[in-house]
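For reference, the structure is listed below as structure tokens.
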Amino acid sequence: MPIPPELVAILRTHIKTYGTTSDGRLFYTRSGGSYDSDYTSVWREARKLAFTPGQVESPLGVASMTCGRPPCRSG
């Protein structure tokens with residue numbers, strides 16, 4: 001996704017100053033963990049209520065970012 005040159009400069013300064021995590025995240029907690037959004041927390045709790053334990057542990061359910069987005073159109 002293209003971003004304005006001013007934002008590129010800000011991000012480069014941030015990376016130079018703070019670095020990234022081993023998996024490439026820019027923003028992380030003092031202990032190196034990721035920041036969970038409210039949406040992520042709600043998604044996790046909803047999965048526990050709606051699914052069996054096996055389904056909750058499935059890697060297919062961690063993609064909460066796709067929930068509610070319109071499908072991509074091909075062709």
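General observations
- Taking 0.36 nm per residue of separation and subtracting the Cα-Cα distance, full extension of the segment from Asp23 to Phe51 would add 7.2 nm.
- Simple spin-label estimate for Leu60 and Asp36 in nanometres, 7 Å along Cα-Cβ: 2.3
Every read-out reported here was derived from the displayed coordinates using simple, explicitly stated rules and does not represent laboratory data. These figures come from a predicted structure and were not determined experimentally. Don't worry about glycine lacking a Cβ; one is built from the backbone with ideal geometry, like all the others, and counts go over all protein chains shown.
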